[in-house]
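The values are calculated or read from the model by the stated rules, or taken from the named source; none is laboratory data. Because the structure is a prediction, the values reported are computed rather than measured. Just the protein is used for accessible areas: all its heavy atoms, side chains included, with ligands, DNA and RNA removed. Shrake-Rupley method; radii C 1.70, N 1.55, O 1.52, S 1.80 Å.
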Amino acid sequence: MKTTTAPPCAPRSPARPRSAQYDAFHAARARTGLIARMYAAAMGVHYPAEVATSSSCDWPLLGLMTARLGMRPGQLLVDAGCGTGGIGLWLARAFALRLEGFDLSPVAVTQATDRRPHFLGGGTDRAAFRVAELEATGLPDSSAHGIVCVDALGRAADREKAVHELGRILAPGGRLVMTRSLRHGATPAWPEQARAAGLMVEHVDERPAEPAMWERLYRLWITRADELRAELGEAQAANMLHEAHQMLPTLPGRRAVLLTLRRPANAPTAPGAADRMTAPRHPGDRPAISERTPQ
């Protein structure tokens, strides 16, 4: 089951890229503090204000990802579906890591790039952001010591292909931590997806508070609909309200987890692959190819 924090995909013409809805969300959020205040109200004391998330990432999740990644200074972290970059940049600063983030939305990538000095000071060359999709990252084989993917996999056109692609870029011994969720009574597909990608399931951490957070947030959107329209415009408000009404009935019984997958340390790899970092890219360097949740 997907977690959404931007409007559901709308039919598009060939001239309208799939990134358009996410671009609109990020551009609207940059114009007002209303959305951030709503996330803060929904998460309460667990809202990571500096990260400025528009996903289910709260302080408990940041702490859990820190523990599960177990990375060392100087290693390369990939933030898959990075949105405006807060999660990856926070982790890169905490671990003294290099960071490569990618996202569907060129608007989000630009905002993430602009946020680097706040987290990294003069070390902005440690982090690069690019436009790419989960199924085709464009990153080298075995190039990442760790990968985070928060609330993004549910938007992939092909989840199995996306997990396989993330597994491809993960170095032996490296970990992929990702949020996953299930409807009540559903059987998880992640064991099979992990095996197909050459990964092993190392941890499944339950997140019992996540569905209630989404319920609080969606009800805030509905009760404060007039403010959304005034601050964001009719079209963006309509998209968010549609999402709220669509997702609320799916929350009862929902199971949310943080899944940690690991590539076995003895997996084959190209020599030195995990020591490479691709050069920084800008949103205009490659086409805006789909998929992402904001944050």
Averaged per residue, the 1.4 Å probe accessible area of segment 101-140, protein heavy atoms only, in Å², is roughly 30 Å²
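Per residue, how large is the accessible surface of segment 159-253? Use a 1.4 angstrom probe and give square angstrom. Intermediate values should be presented prior to the final figure.
Values: 4510 Å² over 95 residues.
Computed with neighbouring chains in place, this is 47 Å² per residue.
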Relative contact order as a percentage, segment 4-145, C-alpha pairs under 8 Å and 6+ apart, gives 20 percent
Hey, what do the phi angles of segment 209-220 turn into as Karplus ³J(HN,Hα) couplings, whole Hz, using 6.51/-1.76/1.60 and θ = phi - 60°, x for Gly and Pro? 7, 5, x, 5, 4, 5, 4, 4, 5, 5, 5, 4
